[in-house]
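Below is one structure, written out as structure tokens; the observations come after it.
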Amino acid sequence: MTIAIDVPKDARALRDAFACYPSGVTALCAVTQGEPTGMAASSFTSVSLDPPLVSVCIQTSSATWQRLKDAPRIGVSVLGEGHDAACRSLSSKTGDRFDGVDWSATPQGAIFVEGAAAHLDCSVHSTIDAGDHVIVLLAIHALGTQPGVEPLVFHGSRLRRLSPVAA
């Protein structure tokens, strides 16, 4: 095991260290300018029960976030293990990100990926500048869950599925 004393100056080394921690994968989607707009994000976490808040970290250079940030409602879908193709599509830099993705929209414009483990109907509560990212706090207005859907996981720079640990 190698232990570094100094903060790494090499972005690859830092990225590799971050990849050691698994996270769930979400889709942030809304109707903007009459079109579906969406992105995948793995830096999602619960924040508060009262008021109900979640957070996601988004790279400041994201053109997609620039379109989503002013949407009145943003749908957060916690992707399930069968959503690997949807995740890749929503992460693509070119083409129609919703091609092959089953989705529905609320009257307020939040878009949800069908079959997700959870759906959160959110709006931007506040943002915090954080280096090359922005931390977005999202207020939850409504939600739905499908506890039987196993989550999609991002670990080691790859999409993965969970497997149960023997009791």
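The values are calculated or read from the model by the stated rules, or taken from the named source; none is laboratory data. Worth saying up front: this structure is predicted, and the values here are computed from it rather than measured. Every residue, glycine among them, receives a Cβ derived from its backbone with ideal geometry; neighbour counts consider all protein chains shown. When the accessible area is computed, the model is the full protein with side chains, heavy atoms only, and any ligands, DNA or RNA have been set aside. Shrake-Rupley method; radii C 1.70, N 1.55, O 1.52, S 1.80 Å.
Normalised per residue, the accessible area of segment 73-167 is 56 Å², obtained with a 1.4 Å probe and no contribution from ligands, DNA or RNA.
Rounded to the nearest 500 deg cm²/dmol, what is the calculated helix-only ellipticity per residue at 222 nm for the chain, with -39500 (n - 2.57) per DSSP H run of length n ≥ 4? Intermediate values should be presented prior to the final figure.
On the way: 3 runs with 22 residues, N = 167.
Here the helix-only value at 222 nm equals -3500 deg cm²/dmol.
Take the Cα of Cys20, step 7 Å toward its Cβ, do the same at Gln108, and the gap between the two points is 4.0 nm.
For segment 24-145, taking the reciprocal of the average inverse distance between every pair of different Cα atoms yields a Kirkwood hydrodynamic radius of 14.1 Å. Of the listed residues Arg88, Arg160, the order by accessible area with a 1.4 Å probe, largest first, is Arg88, Arg160. What you get for segment 87-167, charging only the Cβ of Lys and Arg (+1) and of Asp and Glu (-1), is a dipole of about 320 debye around the Cα centre.
If you bin all the Cα-Cα distances of segment 1-90 at 10 Å, starting from zero, the percentages per bin are 14, 38, 31, 15, 3, 0.
Among Gly156, Trp103, Ser77, which residue has its Cα positioned farthest towards the positive end of the charge dipole of the chain, with +1 placed on the Cβ of Lys and Arg, -1 on the Cβ of Asp and Glu, and the dipole taken about the Cα centre? Highest projection toward the positive end goes to Gly156.
Solvent-accessible area assigned to carbon and sulfur over the chain amounts to 55 percent, based on a 1.4 Å probe.
Dipole of the chain (Lys/Arg Cβ +1, Asp/Glu Cβ -1, origin at the Cα centre): which of Ala166, Ala17, Gly34 lies farthest to the positive side? The listed residue farthest towards the positive side: Ala17.
Mind putting a number on the dipole of the chain about its Cα centre? Charges go on the C-beta only, +1 for Lys and Arg and -1 for Asp and Glu, and I need it in Debye to the nearest 20. Kindly include the intermediate steps, with their values, before the conclusion.
Details: 12 positive and 16 negative charges, 59 e Å.
Around 280 debye, computed over the chain.
Accessible-area rank, largest first, for Thr26, Thr94: Thr94, Thr26, with all protein chains present and a 1.4 angstrom probe.
Evaluated with a Cβ-only charge set (Lys, Arg +1; Asp, Glu -1), segment 22-99 carries a dipole of roughly 200 debye about its Cα centre, given to the nearest 20.
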